[in-house]
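Undergrad: Take this structure first; my questions come after.
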Amino acid sequence: MLSRHIGAGHARQKNIWYRAFASYIKQPQLLGVYHSRHIHIERYEKGDSTETHLDAVSAKYRAGLFINKIFPLKMGRLDIRPFIISRDQEAMKRKVVRLIPQDLPYDFSISEIEPHSRDGGSIVYFTFAAEDGQENAKSLAERLVKAVDEHLSSRQYRSWFDFTPIRSFPVKGVPFCEDIVRLLPSKKVRVEFIGPDLTVEQIYNEFREFGRILDIETQPSSNKDSPRWAIVHFVRLHAATSARNCVHGSIVGSTKLMLSYVKENKENVVIQWIKGHSKFTIPLAAAALIAAIYAVFDPIREFFVENKITHRFDLDRIPILGNVKKAAMRSIMRRSSDTSDDISAWSGLADQRERLSSILDEPPDSFIVVAGPHGSGKTNMVQQATQNKKYRVAIDANMLAAQHSELEQMTVLARELGWWPVFNSIISITNAIDLMVTATTGSNAGISATPESQVRRILECLALVLARIRHGGLAELKDKHNRKQQESTNQGGSGIAPLPRTLPPEDIPVIILDNFMDKDIKFTPIILDWAAGIVEAGLAHCIFTTSNISGYHEIQRAQPQRAASLVSLNDATPMGAITLLQQQLAPTFLAHPADTEVESSTEDSGKELTKYQHRLDMVSSDRIAYAASILGGRLEDLHVFVQKVNAGETIDGALEDIIQRSITEIRKYAFSDDSEVGKCEHTWTPEQFWCLLTELAKHNSIEYDRMRNSPLFVGDDKAFLGLAEAQLITMVYDNDRPSRILPGRPVFYTAFNRILENTGFSSTMSIKMNKKYVELETAKIRKAEEELSLLNVFRTTADTYSALTSSMAMIAASRGAHVGGSAGHSDRRWIRGWSGDGDSDKNSASSARNSSSESGDMEINPEAFIAQAVRASGQGTRPQDTASGVDNSQNKQTGSSQSWFGWLFGRSSKNNAEPGTQPAQHNTQSKNGSLSDTHLETTIPGVPHELQGRVRFLLQTIHNSQQKIDKWDFENQTNTRRLASL
């Protein structure tokens with residue numbers, strides 16, 4: 001039928017197409033019927049009428065057809081199927097040739113095969129002979145393509161990667177062959193119009209022949225972007241690839257069509273549902289991930305932590321490796337044998353070690369705090385006391401504090417406890433997930449991780465391992481007890497010990513937190529809370545070693561219901577320090593005999609000593625004893641001294657360098673105006689430390705309670721705790737409370753005295769301290785003045801107030817004469833607090849200034865002025881004596897002034913006519929014939945009886961405070977003159 005259809009004449013075929021077209025116009029539109037344009041042809045060459053059986057052939061034309069499903073479609077950048085199949089191009093061309101029938105008319109011949117492996121097909125360019133006319137040539141080309149398509153459909157050719165039949169389509173445009181990596185085939189084809197826009201109907205007619213269309217999206221009219229476009233969404237992917245290869249570059253009317261793929265966001269239905277319900281799915285996924293991590297890695301971490309404590313699978317158990325390690329350790333210990341011998345020089349160290357061992361033999365009940373200065377042997381003592389313990393793990397807080405971030409501190413803690421593997425990235429991942437959930441759902445998922453939470457997990461893992469060790473030990477004890485009981489029953493015995501409820505002392509684990517509270521660590525509260533739970537549960541002993549005695553209170557607050565066991569270590573005794581220096585410096589003196597030539601003349605020439613013994617005696621000379629007396633028993637300073645001497649310095653030079661460094665350290669930290677000293681909070685003032693320095697320079701130690709209740713400290717412990725944390729002072733505890741204060745290091749004794757010997761610095765700090773004292777006493781006077789003003793006891797009569805103000809002015813004038821006028825200015829402030837109005841204040845101040853100016857440089861007796869003021873004001877007689885008829889002249893004859901001014905100075909006022917004369921002896925008679933002097937000294941006239949005691953106390957307070965102020969002002973003047981003379 002195909003040959004008969006092709007062999008018909010051109011005119012007949014033309015009539016057939018016209019009749020078919022006319023019948024199509026008359027019939028109604030049917031679903032799936034579409035109009036198609038002609039194939040794109042190009043004139044190839046002019047033909048000859050003798051070359052074919054047609055009568056009117058005059059030229060050859062070239063056209064193309066696209067055969068799909070030759071290659072598998074490339075679904076992604078990692079899809080290598082098209083590359084593998086298309087490697088043999090000749091084989092693929094032979095396959096395409098086999099798909100095309102061989103008996104096609106019009107001199108059909110294949111000129112070129114262009115494989116499009118990414119689009120899954122190939123374009124076959126063929127030539128044919130036709131009459132010299134475009135319409136006729138296009139018609140013949142379409143017939144040939146249709147013949148090929150019918151041939152493929154009749155044979156039902158299929159590929160192994162696709163079960164649908166292979167089809168062919170005419171190429172209507174100019175195909176664009178490219179290999180851009182990101183332009184992968186998709187069901188959506190973007191059609192750009194170069195020219196007028198096509199309607200939806202035109203687009204449909206142009207693309208329907210390639211396959212069913214899902215949707216056609218046109219560019220909105222409001223969008224003014226150019227070129228204009230439309231998107232054709234096909235049902236099948238092969239339809240989209242065929243359309244792009246066949247229609248690209250074709251011209252519809254006056255519009256050229258340019259086709260390209262639109263990238264599709266392919267989503268699975270399940271994935272799409274998960275994204276649409278992220279409020280539930282993301283927390284569930286995160287929880288599943290965390291649960292998987294716990295289920296897989298937590299047992300591994302517990303294994304490594306348990307092995308860190310029990311050393312069950314250590315490589316040291318292998319004989320060869322164990323022997324090598326032991327030999328290396330013996331070599332290292334031989335080098336540091338001198339350091340281990342240092343512990344024997346410490347005062348009371350053996351007793352404290354025995355006490356610590358006895359505490360460890362008991363079940364865990366409370367914290368154990370080993371406190372002492374740097375270099376006092378805390379770590380070595382703890383190691384010796386716990387060397388027989390079966391389970392022991394140590395945490396070095398200094399290594400944690402040396403890290404820069406919390407994450408690094410957490411990593412170091414995990415390494416010290418054997419917690420492995422450590423995933424630091426899990427913190428960032430969980431935080432990112434929690435942030436995404438918060439951003440999408442508006443609520444916090446609560447799955448974020450922090451270094452603090454990771455530290456808690458590490459410590460919880462350690463607690464779980466300790467509980468497992470305890471339960472395993474108790475189970476083993478129970479099995480042993482049951483076996484013994486069974487053996488005793490079999491032997492007919494009945495006496496067997498009861499089942500123990502606690503582990504043996506050597507099986508109780510010990511947690512050592514070395515150098516704890518010495519430096520600031522972010523995780524300190526977490527570790528303390530965890531340690532408190534461990535001790536209360538009886539799982540292990542917790543030993544804290546610290547050089548900061550103030551840290552003992554912080555540790556105690558973590559377990560407030562039970563008192564921590566405090567083991568205090570002190571410096572070595574003087575003899576112990578001398579012995580240590582002898583041991584360390586003996587090799588140096590043996591190697592450098594010239595250093596001891598001066599001392600060799602002092603040795604007894606009659607003794608026969610060996611060279612070594614002679615040099616050893618030289619080491620124990622007066623210079624070594626002097627150095628030990630300066631450095632004390634602090635191991636840190638002794639080692640520095642030994643290193644300097646071994647480096648070639650003289651003993652005096654090394655000692656002087658250590659002292660100067662100590663002075664610099666004290667001035668830098670103690671008298672700094674910074675809010676912090678290193679990492680220690682600056683909780684004291686320079687005046688407070690200067691007060692301690694002057695006291696410690698005079699005495700070896702001072703009482704804590706006395707200094708705590710001094711005016712500068714007023715019962716506050718913060719200054720002492722801050723100074724102890726900065727290692728400027730050392731607080732000695734007695735019965736777990738501070739009792740004495742010592743310098744931070746023994747060498748500070750000498751440093752304090754050197755600082756005091758510095759005239760300029762000492763005078764400056766003394767002036768500052770005295771000014772601080774003056775401020776405190778002035779505040780005390782001001783408070784007493786305010787209370788006297790509120791009591792209003794001296795405003796009963798004008799005479800009483802006049803006597804008061806006049807007497808105070810005279811006192812101010814007399815003190816001004818004694819101290820050069822400097823104290824008089826301070827005394828004038830007394831009068832103003834007792835006056836009720838400003839005029840009286842001005843008059844009183846004026847009186848004080850006049851009295852002070854009149855006094856000049858004379859020696860003035862305050863008692864004489866007081867007596868004159870009392871007589872002038874008429875207050876020399878007590879009210880009760882006047883009421884009873886006692887003559888006031890009697891008092892004048894005896895010279896007795898019954899006023900409160902006399903009590904203020906500790907005795908009754910005398911009516912001396914001339915300053916400096918000896919007062920006359922007298923006896924004041926009362927109504928019944930006698931009046932005691934005690935009553936005259938203790939009763940203040942004009943003051944109610946119920947206020948006598950309080951007024952007396954306030955006046956005495958003012959008097960005493962002013963005396964102190966006068967003293968400190970005089971000292972400040974002396975120090976000022978001393979500074980001016982430098």
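Undergrad: Note down the nm distance, to one decimal, between modelled labels 7 Å out along Cα→Cβ at residue 522 and at residue 78.
TA: Modelled inter-label distance: 3.7 nm.
Undergrad: State which entries of 146/172; 138/172; 60/256; 668/964 exceed 20 angstrom in Cα-Cα distance in the structure shown. Don't jump to the answer; show the numbers that get you there.
TA: On the way: 146/172 14 Å; 138/172 10 Å; 60/256 26 Å; 668/964 31 Å.
Long pairs (Cα-Cα over 20 Å): 60/256; 668/964.
Undergrad: Treat each spin label as a single point 7 Å out from the Cα along the C-beta direction, and report the residue 136 to residue 497 distance in nm.
TA: Label-label distance for residue 136 and residue 497, simple model: 12.5 nm.
Undergrad: Net charge near residue 703: determine it from the other residues with C-beta under 10 Å of the C-beta of residue 703, scoring Lys and Arg +1 and Asp and Glu -1. Write down the numbers at each step before the final one.
TA: Numbers: positive: 706, 708, 740; negative: 695, 705.
Residues close to residue 703 contribute a combined charge of +1.
Undergrad: Could you give the length gained on full extension between residue 183 and residue 647, defined as 0.36 nm per residue of separation minus the Cα-Cα distance, in nm?
TA: Fully extending the segment from residue 183 to residue 647 adds 159.4 nm.
Undergrad: Rank these residues by their accessible area, most exposed first, probe 1.4 Å: 94, 43.
TA: Values: 94 135, 43 110 Å².
If we order 94, 43 from most to least accessible, we get 94, 43.
Undergrad: Got a sec? What order do 258, 92, 399 fall in by accessible area at 1.4 Å, biggest, i.e. largest, first?
TA: 399, 258, 92
Undergrad: Over 32 Å between Cα atoms: which of 718/783; 519/783; 519/771; 93/188; 718/771 fall into that group? Intermediate values should be presented prior to the final figure.
TA: Numbers: 718/783 26 Å; 519/783 43 Å; 519/771 35 Å; 93/188 29 Å; 718/771 22 Å.
Check vs 32 Å cut-off fails for 519/783; 519/771.
Undergrad: So, one more: Could you report the accessible area of residue 573 in Å², rounded to 10, computed with a 1.4 Å probe on the protein chains as they sit in the structure?
TA: Ignoring ligands and nucleic acids, residue 573 comes out at about 60 Å².
Undergrad: Could you work out the percent of alpha carbon pairs in segment 81-190 separated by over 17 Å, rounded to a whole number? All intermediate terms of the calculation are to be shown ahead of the outcome.
TA: On the way: 3668 of 5995 pairs.
Roughly 61 percent, once rounded to a whole number.
Undergrad: While we're here: For segment 139-198, what value does the Rg/Rh ratio take when both radii are computed over Cα atoms and Rh is the Kirkwood radius, given to two decimals? Walk me through the intermediate numbers first.
TA: Working: Rg = 15.9 Å, Rh = 15.0 Å.
Reported Rg/Rh, Kirkwood definition of Rh: 1.06.
Undergrad: Work out, step by step, the length gained on full extension between residue 95 and residue 279: first 0.36 nm times the residue separation, then minus their alpha carbon distance; give nm to one decimal.
TA: On the way: separation 184, 0.36 × 184 = 66.24 nm, distance 5.43 nm.
Using 0.36 nm per residue and subtracting the Cα-Cα distance, I get 60.8 nm.
Undergrad: Label points 7 Å out from Cα along the Cβ direction at residue 408 and residue 452: separation in nm?
TA: Label at residue 408, label at residue 452, 2.2 nm between them.
Undergrad: Let me ask something else. Suppose R0 equals 25 Å. What FRET efficiency, 1/(1 + (r/R0)^6) with r the Cβ-Cβ distance, do residue 639 and residue 573 give to the nearest 0.05?
TA: Working: r = 17 Å, r/R0 = 0.69.
Calculated value: 0.90.
Undergrad: Continuing with this model, one more query. Ordering 209, 786 from largest to smallest accessible area (1.4 angstrom probe), what's the sequence?
TA: Details: 209 25, 786 110 Å².
So, going from the largest accessible area down, we get 786, 209.
The values are calculated or read from the model by the stated rules, or taken from the named source; none is laboratory data. For clarity, every value in this text was computed on a predicted model and none was experimentally measured. Methodologically, a virtual Cβ is constructed for each residue, glycine included, from the backbone with ideal geometry; neighbour enumeration extends over all protein chains shown. For the accessible areas, the whole protein counts, side chains as well, though only heavy atoms, and no ligand, DNA or RNA atoms are used. Shrake-Rupley method; radii C 1.70, N 1.55, O 1.52, S 1.80 Å.
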